[in-house]
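The values are calculated or read from the model by the stated rules, or taken from the named source; none is laboratory data. Bear in mind the structure is a predicted one, so any value in this text is a computation, not a measurement. All Cβ positions, glycine included, derive from the backbone under ideal geometry; neighbour counts span all protein chains shown. For the accessible areas, the whole protein counts, side chains as well, though only heavy atoms, and no ligand, DNA or RNA atoms are used. Shrake-Rupley method; radii C 1.70, N 1.55, O 1.52, S 1.80 Å.
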Amino acid sequence: QVQLVDSGGGLVQAGGSLRLSCVASGGTFRRYVMAWFRQAIGKEREFVSAISWSGGTTSYFDSVKGRFTISRDNAKNTMYLQMNSLKPEDTAVYYCAASTSMSIGRGPMGYNYWGQGTQVTVSS
């Protein structure tokens, strides 16, 4: 089974940047669709971004387009989320996820494996 460990969260002021990382082990990393989800207090887990196994296709939630960039380095079994121009509404626990599907999906139920989550807090 695949194990995911996400990290890189922290405290940052509005307008600042953070880079999240997700390290995968126990599976064929390059064959998995990877994604980031987030969950704020009192809200449902929501889609943030996803990337195909080859890295050739990406998808972003509307509110993060132009600010966040998803990427992956299959040689290092690692996925990244570069977050720029952070806003207070970006505050949430961010989760790395992996899917055995060949196509990108936005629903969390479509993802088979999850990281433990990393807290991102953006102050105004």
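Here Gly15 qualifies as open to solvent by 50 Å² or more (accessible area, probe 1.4 Å), more than 16 Å from Cys96 (Cα to Cα) and small (Gly, Ala, Ser).
Could you look through region 77-88, keep only residues that are touching a strand residue (DSSP E or B) at 6+ places or on another chain (Cβ under 8 Å) and open to solvent by 50 Å² or more (accessible area, probe 1.4 Å), and pick out the one that is farthest from Ser123 (Cα to Cα)? Can you show your working first?
Here is the first cut: in region 77-88, the ones touching a strand residue (DSSP E or B) at 6+ places or on another chain (Cβ under 8 Å) are 77-84, 86-88.
Now restrict to residues that are open to solvent by 50 Å² or more (accessible area, probe 1.4 Å): 77, 82, 84, 87-88.
Details: Asn77: 31, Gln82: 18, Asn84: 14, Lys87: 8, Pro88: 6 Å.
For region 77-88, the residue satisfying everything is Asn77.
Among the criteria (1) open to solvent by less than 20 Å² (accessible area, probe 1.4 Å); (2) more than 12 Å from the chain's Cα centre (by Cα); (3) closer than 21 Å to Gly8 by Cα, the one Phe68 does not fulfil is (2).
Looking for whichever is assigned to a strand (DSSP E or B) and either touching a residue at least 60 places away in the same chain (Cβ under 8 Å) or not hydroxyl-bearing (Ser, Thr, Tyr) (or both) here; the options are Ala97, Ala75. Which one fits? Explain how you work it out, then say what you get.
Values: Ala75 fails: assigned to a strand (DSSP E or B).
Within the list Ala97, Ala75, the selection yields Ala97.
What are the residues in region 50-88 that are hydrophobic (A, V, I, L, M, F, W, C) and in contact with a Gly (Cβ under 6 Å, 6 or more places away or on another chain), if any? Hit for region 50-88 is Leu86, nothing else.
Within region 100-120, restricting attention to residues that are exposed (fewer than 15 other Cβ atoms within 10 Å of the Cβ) and at pLDDT 95 or above, the residue that is nearest to Ala24 (Cα to Cα) is Gln116.
Take the residues in region 1-12 that are open to solvent by less than 60 Å² (accessible area, probe 1.4 Å) and touching a Gly at 6+ places or on another chain (Cβ under 6 Å); name whichever of them is farthest from Val93 (Cα to Cα).
Going through the qualifying residues, I end up with Val2.
Within region 78-94, track down each residue that is in a loop (DSSP other than H, G, I, E, B) and among the polar types (S, T, N, Q).
Narrowing region 78-94 to residues in a loop (DSSP other than H, G, I, E, B): 84-87, 91.
If the condition is that a residue be in a loop (DSSP other than H, G, I, E, B) and among the polar types (S, T, N, Q), then Asn84, Ser85, Thr91 are the ones that fit.
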